[in-house]
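Let me begin by presenting the structure, written as structure tokens, before commenting on it.
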2 protein chains.
Amino acid sequence: MKKYQRLAQQIIDQIALGVWLPGDRLPSLREQVAHSGMSFMTVGHAYQVLESQGVVVARPQSGYYVAPRPVIRATPAPVKVMRDEAVDINTYIFDVLQASCDASVVPFGSAFPDPRLFPLQQLNRSLATVSKTATAMSVIESLPPGNEALRHAIARRYAQQGMQVSPDEIVITAGALEALNLSLQAVTEPGDWVIVENPCFYGALQALERLRLKALSVATDPENGIDLTALKQALNDYPVKACWLMTNSQNPLGVTLSPEKKRQLVSLLQEHNVTLIEDDVYSELYYGRERPLPARAWDEQGMTLHCSSFSKCLVAGFRIGWVAAGRHARRIQQLQLMSTLSTSSPMQLALVDYLATKRYDTHLKRLRRTLAERKQQAWQALHTLLPAEVKIHRSESGYFLWLELPEYMNASLLSEQAIAHKISIAPGKMFTTGRAWDNYFRLNASWAWGEREQQAIVTLSHLIESQRKA
Amino acid sequence: MKKYQRLAQQIIDQIALGVWLPGDRLPSLREQVAHSGMSFMTVGHAYQVLESQGVVVARPQSGYYVAPRPVIRATPAPVKVMRDEAVDINTYIFDVLQASCDASVVPFGSAFPDPRLFPLQQLNRSLATVSKTATAMSVIESLPPGNEALRHAIARRYAQQGMQVSPDEIVITAGALEALNLSLQAVTEPGDWVIVENPCFYGALQALERLRLKALSVATDPENGIDLTALKQALNDYPVKACWLMTNSQNPLGVTLSPEKKRQLVSLLQEHNVTLIEDDVYSELYYGRERPLPARAWDEQGMTLHCSSFSKCLVAGFRIGWVAAGRHARRIQQLQLMSTLSTSSPMQLALVDYLATKRYDTHLKRLRRTLAERKQQAWQALHTLLPAEVKIHRSESGYFLWLELPEYMNASLLSEQAIAHKISIAPGKMFTTGRAWDNYFRLNASWAWGEREQQAIVTLSHLIESQRKA
């Protein structure tokens, strides 16, 4: 992040925290230069960015003012997650996912990375080991909270990041999805308000619907992540019980919150006594030097349930995830016992064996490099082949690109047409209860780039052009 | 079943179906002898049994009359499955199950059969095969509705029983528990009435609580199973949406409904347009000549969702079950996609491999024989060692015994005391929302009988005696 960007973000965060209120005059360029130690140029650039984003308003001869009212995109009236509406969304998601199962479809809509990037041979070796060592009693050791050696291995990975997570608070689940669902259920009652992002992982909306919770969708954007000002407003205005967020490589946007923003997020939620359910399945897929910490790292009060899995970075088919649930661990075990009983014992044992080989980090390193290369390739192709009006948002992590069509176009229509041409995409409609993202779609860029992919983009390009207004 | 028992049951069923109404005079002994072709003795015996059960009333010089009002044990007022109450039950179940995980505890309270009875070596061989043959794309083939070869293998087992179940209506789930939960969710809305048995598998009560459904508990007894008269009454009095029953080797009682009773059950539910969710996880564990059919076999209108698994008869740790969901299959796949996404791919593949070896039936044959022997052994020990007032209900299937203490005794107290002595049992309280079964407990008789088990029964006997009134 450049200096001016950091300053701009800092000011945005300060506004979010109420340091600057709507209508407040910000420090003048001169004052800012004086106490930031930055150049006049840098500060000027930062203020221009803020102005272009509508965060501040420039008044000639007077200075920069915080925009009259921060853009509160938290839905002001209750967003009822209507059952029918949700079923609609589900059918939608279902169709997109079903399409991804068809080997003849180019799976740009898939949520999973190319499974060929996973260390199949080594995992199979671990399976073979389990087939020699599993005993009749292994199953009992796999009951909630899950295999002890596996919980220890996970706790040790937290420790590598400098986080203190006890194996005793970890519960092994059927992927992160079960972890998130159980977490949400553990801390809410039907009818409670829950904050989600807009756009957000569709699984969150489905979970809310299933548990009869009410959604407050807080604006999130590809560059800065969740709008803390809006979040604060939502927390002030509603008796919110929990907040379900992706802090690293958010799905579908790809944005990762800055450490400072994570800290502010945690402190804001603690102030309002709101539990954070942190969906952190992509954090191993960073492109930078260091794995970003989850918000949980800043939580000293145990109000964050940190959910993750091996499904996006090691093996999708095992269906093994976990939640570091703090004081909710026991309740979550009970809830699991009621719904799926436990995850499969050989899968837990195979992971224990694999993690003991110490090859995980080598695999991850290669995986990250490949994903970064493939995303670059996909971006290049999209940039070259798609109509110029299509904006491509691209983050420095994960394997998703977030594409923005001109506002009058419709990505759901594009999706339908694309499926007819054996191409799947994930239209914005999947990621929201409203209509805000009707002209956006998510593209999975984890696939090896070849003739088929190139041709699929040409086809998408034609389909997009066919929506162009005469 | 003896002749007189069959006649008694027949009359009970007729009363349930409204052939004989409360207050009706039953055919005299002489008439019954004439049109049943049975002996005077047999008919007399049957009538005596009915009288002792309170089903009929004998009036001197007049004959036998249907009891003035059939004993409607369907809870007349809404049984609110209170959240707190349910959490209580869960804590209870949780503790019992946790205790069973402790290798130093004699696991009479366990719900699973001795895992040493499962064909570990052959299953491990299948795992080893999967470790050689799994490909990167296997995971996609495992997404809902689940691996096609596995669904075919299951459909073929239905076909062996003469049932027509298409692989297309089968959805692979995380054990039968997920199948049952998804089925219930597929056909109900929060607030709906659902019929369960009393006593019933605690998973049913937990599912109802989780989905905010209202329970109507219909009386079920160890000899005859669900009371069809009470069921009919409940269906007449309440707008019931679904009925969750175990028709074969009911948990905890062990009772299996007769074919005729299954037929009547299906027709009764169809009459009221009520979906049957059939929990059929123990049906492979019959002791008789033939595997009993599920009620689903009599359902020609597709109103039965038949749920089962491999967890009780082949392998607990794989966590693979299924539902034959008829027209609800698609909805169930959607619900699964929202909660656990899918079951693990290697586990599905390992089962496909194992089932292809054709060793399943040989294993089952041996398993059934061993369970029957062990239950006999356990019964013998209990019969010899427990105080004479303890009644042992014993069915001709599965591995549970259902023990009845004198009414003033308390099995929950016994359970607490037993745990302190490293013995778990499953007290009646686990199987009901009310207090009807406070003096009952379920005992898992699948364990190899040895000194430890014998000693545990002696301890239980002492604990029971300590509850005896002075």
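Among the residues of region B:354-369, just one is in contact with a Cys (Cβ under 8 Å, 6 or more places away or on another chain) and either of a type in the set (Asp, Glu) or within 14 Å of chain A (Cβ to nearest Cβ) (or both), namely B:Leu367. Restricting the first residue to region A:302-325 and requiring it to be surrounded by fewer than 24 Cβ atoms within 10 Å (Cβ to Cβ), which pairs with a second residue that is hydrophobic (A, V, I, L, M, F, W, C) meet a Cβ separation below 7 Å and a spacing of at least six or different chains? That search, which allows pairs on different chains as well, returns A:Met303/A:Leu269; A:Met303/A:Leu276; A:Cys313/A:Leu285; A:Cys313/A:Leu364; A:Cys313/A:Leu367; A:Leu314/A:Phe118. Taking region B:260-301 as the range and being surrounded by fewer than 17 Cβ atoms within 10 Å (Cβ to Cβ), charged (D, E, K, R) and within 19 Å of B:Val187 (Cβ to Cβ) as the test, the residues that pass are B:Glu271, B:Glu300. Filter region A:338-353 for residues that are over 26 Å from the mean Cα position of the chain (by Cα) and either small (Gly, Ala, Ser) or in a helix (DSSP H, G or I) (or both); which is farthest from the other protein chains (Cβ to nearest Cβ)? Here the residue is A:Val352. Looking across region A:430-458, the residues that are in a helix (DSSP H, G or I) and either modelled with pLDDT under 95 or open to solvent by less than 30 Å² (accessible area, probe 1.4 Å) (or both) come down to A:Met430, A:Phe431, A:Glu453, A:Ala456, A:Ile457.
A search for C-beta distances below 9 Å between a residue of region B:219-245 that is on the phi > 0 side of the Ramachandran plot and any residue that is among the charged types (D, E, K, R) and part of a strand (DSSP E or B), counting only pairs 6+ apart in sequence or on different chains, returns B:Gly225/B:Glu197.
Is it the case that B:Ser126 is within 11 Å of chain A (Cβ to nearest Cβ), under 25 Å from A:Ala128 (Cα atoms), touching a helix residue (DSSP H, G or I) at 6+ places or on another chain (Cβ under 6 Å) and modelled with pLDDT under 95? So B:Ser126 does not fit the description; no. For B:Leu401, the conditions (1) farther than 18 Å from B:Gly254 by Cα; (2) at pLDDT 95 or above are fulfilled apart from (1).
Inspect all residues belonging to region B:320-332 and state whether any of them is under 20 Å from B:Gly109 (Cβ atoms), small (Gly, Ala, Ser) and more than 14 Å from chain A (Cβ to nearest Cβ). No, that holds for no residue. When every residue of region B:17-36 is checked against the conditions, none turns out to be open to solvent by 40 Å² or more (accessible area, probe 1.4 Å) and at pLDDT 85 or above. For region B:407-429, taking the residues that are touching a residue at least 40 places away in the same chain (Cβ under 8 Å) and assigned to a loop (DSSP other than H, G, I, E, B), the one that is surrounded by the most Cβ atoms within 10 Å (Cβ to Cβ) is identified as B:Ile425. If you check A:Phe310, A:Phe318 for being in contact with a Gly (Cβ under 8 Å, 6 or more places away or on another chain), of a type in the set (A, V, I, L, M, F, W, C) and under 26 Å from A:His152 (Cα atoms), only one passes: A:Phe310. Exactly one residue among A:Ser267, A:Ser311 is part of a loop (DSSP other than H, G, I, E, B) and small (Gly, Ala, Ser), and that residue is A:Ser311. Taking the criterion of being more than 7 Å from chain A (Cβ to nearest Cβ), part of a helix (DSSP H, G or I), touching a residue at least 24 places away in the same chain (Cβ under 8 Å) and of a type outside the set (A, V, I, L, M), the residues of region B:90-112 that qualify are B:Tyr92, B:Asp95, B:Ser100. For A:Gly398, the conditions (1) open to solvent by 10 Å² or more (accessible area, probe 1.4 Å); (2) more than 14 Å from every other protein chain (Cβ to nearest Cβ) are fulfilled apart from (1).
Considering region A:132-242, the qualifying helices (runs of 4 or more DSSP H), each wholly inside and each with 1 or more residues that are modelled with pLDDT under 95 and within 14 Å of another protein chain (Cβ to nearest Cβ), run over A:138-141, A:148-160, A:175-187, A:202-210.
Residues are listed down the side, and each one gets a yes or a no for (1) crowded, with 18+ Cβ neighbours inside 10 Å; (2) out of contact with any helix residue (DSSP H, G or I) (no Cβ under 8 Å at 6 or more places or on another chain):
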residue: B:Pro144; (1), (2): yes, no
residue: B:Asn147; (1), (2): yes, no
residue: B:Ile154; (1), (2): yes, no
residue: B:Tyr158; (1), (2): yes, yes
residue: B:Gln161; (1), (2): no, no
residue: B:Ser166; (1), (2): no, no
residue: B:Ile172; (1), (2): yes, no
residue: B:Gln185; (1), (2): yes, no
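If B:Leu228 meets every condition in (1) in contact with a helix residue (DSSP H, G or I) (Cβ under 6 Å, 6 or more places away or on another chain); (2) within 27 Å of B:Phe112 (Cβ to Cβ) apart from one, which number is that one? So B:Leu228 meets the others, but not (2). The single residue among B:Leu231, B:Leu213, B:Leu208 that is more than 23 Å from B:Leu443 (Cα to Cα) and over 19 Å from the mean Cα position of the chain (by Cα) turns out to be B:Leu213.
The residue of region A:179-205 that is farthest from A:Met338 (Cα to Cα), among those that are hydroxyl-bearing (Ser, Thr, Tyr) and over 13 Å from the mean Cα position of the chain (by Cα), is A:Thr188.
Filtered by the rule that a residue be in a helix (DSSP H, G or I) and more than 13 Å from B:Pro346 (Cα to Cα), region A:113-130 gives A:Pro115, A:Arg116, A:Leu117, A:Gln121, A:Gln122, A:Thr129. Before we move on, is B:Ala111 modelled with pLDDT of 75 or more and within 28 Å of B:Asn236 (Cα to Cα)? No: the conditions fail for B:Ala111. Quick check, is B:Ser138 in contact (Cβ under 8 Å) with a residue 24 or more places away in the chain and surrounded by 21 or more Cβ atoms within 10 Å (Cβ to Cβ)? In short, no.
The values are calculated or read from the model by the stated rules, or taken from the named source; none is laboratory data. As the structure is a prediction and not an experimental result, all values here were calculated from the model. Glycine gets a Cβ as well: all are built from the backbone with ideal geometry, and neighbour counts include every protein chain shown. What goes into the accessible areas is simple: the full protein's heavy atoms, side chains included, and nothing from ligands, DNA or RNA. Shrake-Rupley method; radii C 1.70, N 1.55, O 1.52, S 1.80 Å.
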